[in-house]
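What follows draws every value from the coordinates through simple rules; no lab data is involved. Small disclaimer: the values here were computed from a predicted structure and weren't measured. Reconstructed Cβ throughout: ideal geometry from the backbone, glycine too, with neighbour counts over all protein chains shown.
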């Protein structure tokens, strides 16, 4: 499938939010998505995104990321979401998005690229293993919400 990977613009936020909701449904937590297009517009200084755009203009996938600083290594890139619409999976769109995210990390002098994957998402785990990703079973996620 022919797609163009490009930086997302504000006009892509509705499609990105729909992809986020599709991912939440896949992860069995659709009720956890409280983000809105309006909030994305207000907070767009805090994230960047790539979209995979088909020739007809449809957004088939996206990668949302932000820069972070980790004390042990320094400047890093955190990939928050990488999602391809279910009907387009298997067409190397995720590979194209991930490769572009890695290139952005390299171009910006990042020392680490970090992300999370659910332990039951074997397809994604195998994909990341193909890149030589290390999986850390020692650290636990910690979140405080609604404070």
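Ranked by Cβ crowding within 10 angstrom, fewest neighbours first, how are 115, 139 ordered?
Numbers: 115 17, 139 6.
So the ranking, lowest neighbour count to highest, is 139, 115.
Over the chain, what is the relative contact order in percent, taking alpha-carbon pairs closer than 8 angstrom and at least six residues apart?
Working: 181 pairs, mean separation 28.8, N = 147.
Relative contact order here is 20 percent.
The range 117-147 to the range 83-115: how many Å between their Cα centroids?
So the two Cα centres are separated by 15 Å.
So, in Å, what gap is there between the alpha-carbon centers of the range 1-32 and the range 41-72?
With the range 1-32 and the range 41-72 each reduced to a Cα centre, they are spaced 9 Å.
Per-residue ellipticity at 222 nm for the chain, helices alone: DSSP H runs ≥ 4 residues times -39500 (n - 2.57), over residue total, nearest 500 deg cm²/dmol? List each step's numbers first, then the result.
Values: 4 runs with 43 residues, N = 147.
Value at 222 nm, helices only, nearest 500: -9000 deg cm²/dmol.
For the range 66-147, what is the percent of antiparallel DSSP beta bridges, rounded to the nearest 5? Don't skip to the end; give the middle numbers.
Values: 5 of 8 bridges.
Beta bridges within the range 66-147, antiparallel portion: roughly 60 percent.
Quick one: of the DSSP bridges fully inside the chain, what percent are antiparallel, nearest 5?
Values: 21 of 24 bridges.
Here the share of antiparallel DSSP bridges comes out near 90 percent.
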